[in-house]
1. Restricting the stretch 300-330 to residues that are assigned to a helix (DSSP H, G or I) and in contact with a helix residue (DSSP H, G or I) (Cβ under 9 Å, 6 or more places away or on another chain), which is nearest to residue 256 (Cα to Cα)?
2. Regarding the stretch 217-234, can at least one residue be identified that is in contact with a strand residue (DSSP E or B) (Cβ under 8 Å, 6 or more places away or on another chain) and within 23 Å of residue 54 (Cβ to Cβ)?
3. Would you list the helices (runs of 4 or more DSSP H) that sit entirely within the stretch 1-113 and hold 1 or more residues that are within 23 Å of residue 171 (Cβ to Cβ) and modelled with pLDDT under 95?
4. Only one of these conditions is not met by residue 222: (1) modelled with pLDDT under 95; (2) surrounded by fewer than 22 Cβ atoms within 10 Å (Cβ to Cβ); (3) within 20 Å of residue 73 (Cβ to Cβ). Which number is it?
5. Of the conditions (1) assigned to a helix (DSSP H, G or I); (2) closer than 23 Å to residue 90 by Cβ; (3) touching a strand residue (DSSP E or B) at 6+ places or on another chain (Cβ under 8 Å), residue 335 satisfies every one except a single condition; which number is it?
6. What are the residue pairs meeting all of these: first residue in the stretch 85-107, first residue on the phi > 0 side of the Ramachandran plot, second residue surrounded by fewer than 24 Cβ atoms within 10 Å (Cβ to Cβ) and at pLDDT below 95, Cβ atoms under 6 Å, and 6 or more apart or on different chains?
7. Give 308, 210, 303, 318 a once-over and let me know the one that is in contact (Cβ under 8 Å) with a residue 40 or more places away in the chain and under 30 Å from residue 373 (Cα atoms).
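The values are calculated or read from the model by the stated rules, or taken from the named source; none is laboratory data. All values reported here derive from a predicted model rather than from experimental measurement. As a convention, Cβ positions derive from the backbone with ideal geometry for all residues, glycine included, and neighbour counts pool all protein chains shown.
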């Protein structure tokens with residue numbers, strides 16, 4: 001199925017031809033006894049699968065407490081894995097969050113999606129900084145086969161997300177078309193089957209929960225049918241701009257839109273169930289490390305707004321984070337974690353931790369010792385101090401950044417206004433404590449400014465990359481550009 005999309009899968013690999021002299025073959029055998037085996041020769045080295053679900057807020061999954069049965073298969077499987085209850089996106093939109101996933105650094109350091117001198121809409125955003133190694137590059141350098149199946153215009157190869165992948169299939173996505181989760185699963189499973197006897201790094205990305213809400217036929221109406229009459233709506237739900245501009249949306253209409261979003265999650269859940277079953281058929285499930293997360297969530301009128309990219313509230317930042325694999329102890333963890341932790345965690349899970357030059361530039365921590373029970377707390381350079389989780393970069397409106405030092409969270413705007421929340425007592429962020437606790441606001445603001453300044457000083461300044469007309473039209477249809 002994917003044969004016609006194949007890139008040069010064997011680029012850079014050396015093979016011995018049949019005409020090689022016998023003495024050379026003997027020499028190779030002797031040398032192999034002296035040189036440590038690489039990943040391709042080590043059957044015990046697991047393959048790595050990273051699943052990222054676009055626009056999936058954690059609290060709309062059953063395992064995170066949602067009231068609708070949106071994720072029965074994932075909930076069942078999550079009970080067999082390590083679930084992180086307090087995971088934070090690195091940004092409120094795709095480009096910077098994916099940059100953090102791929103490099104283990106905060107958005108202010110890797111620069112993907114940063115505003116540039118050319119303008120501030122999505123046509124004028126910086127690509128991923130070339131000076132930072134990516135997760136795929138790290139695995140490829142160690143002999144892993146690498147592939148990505150992604151579906152988002154911000155993941156176009158021209159913006160840097162494809163670096164290190166020998167096979168990179170970015171399907172077109174706009175309000176009229178996208179690759180549904182079930183097809184993504186089929187393509188990824190076919191690639192895995194082809195390389196089942198080699199160590200692999202696979203990135204599988206689903207777009208379904210993103211607008212427009214147009215659920216697959218098998219789940220369409222599951223949650224919306226009982227609400228349709230009162231809402232005065234039918235599926236598919238029209239684009240983000242139409243909903244943003246509609247100031248007369250009734251409560252019933254908002255509930256219908258939320259139910260449509262939940263149906264998209266249910267479709268992804270069915271695809272994930274199929275994917276896990278396929279891994280079992282291929283004999284890969286027991287020798288693969290799998291991490292499931294999201295790039296960001298979705299505001300569903302929680303604070304008077306809709307969609308994402310405009311806010312750093314919890315409905316947009318709180319994402320699922322679940323790990324499975326050999327040695328992973330089923331448990332629920334309350335330590336605050338971030339998307340920057342994906343990079344070091346997956347490398348250590350594969351037994352190929354980042355080299356010292358790479359590790360020095362990481363903002364993330366490896367969660368692997370925690371999930372396999374080697375330690376009971378996160379360990380890092382300053383593990384005795386409270387962890388600081390930095391979030392930054394907005395797509396629309398005024399630039400915002402945030403700092404989480406659990407249980408407190410500070411959101412600060414470019415103009416200097418601040419909001420302070422205590423997440424353990426107020427997880428939905430209904431009460432702004434900034435006026436009542438100015439000293440804490442000041443202390444957190446200083447720490448946030450310091451972290452952003454240090455990261456920004458390390459980032460090489462770049463201009464935006466040219467956006468071709470077709471890609472620009474996809475971004476426009478999704479409400480990302482004017």
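1. Here is the first cut: in the stretch 300-330, the ones assigned to a helix (DSSP H, G or I) are 314-317.
So of that shortlist, the ones also in contact with a helix residue (DSSP H, G or I) (Cβ under 9 Å, 6 or more places away or on another chain) come out as 314-315.
On the way: 314: 21, 315: 18 Å.
Step by step, filter the stretch 300-330, then rank; the result is 315.
2. No, the stretch 217-234 has no match at all.
3. So the answer is 94-103.
4. (1)
5. Checking residue 335 against (1) assigned to a helix (DSSP H, G or I); (2) closer than 23 Å to residue 90 by Cβ; (3) touching a strand residue (DSSP E or B) at 6+ places or on another chain (Cβ under 8 Å), the one that fails is (1).
6. Listed by first residue and then by second, the contacts come to 104/362.
7. Details: 308 fails: under 30 Å from residue 373 (Cα atoms); 210 fails: under 30 Å from residue 373 (Cα atoms); 303 fails: under 30 Å from residue 373 (Cα atoms).
The conditions single out 318.
Condition check ((1) at pLDDT 95 or above; (2) part of a loop (DSSP other than H, G, I, E, B); (3) surrounded by fewer than 23 Cβ atoms within 10 Å (Cβ to Cβ); (4) on the phi < 0 side of the Ramachandran plot) across all residues:
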| position | (1), (2), (3), (4) |
| --- | --- |
| 346 | yes, no, no, yes |
| 352 | no, yes, yes, yes |
| 361 | no, yes, yes, yes |
| 366 | yes, yes, no, yes |
| 378 | no, yes, yes, yes |
| 383 | no, yes, yes, yes |
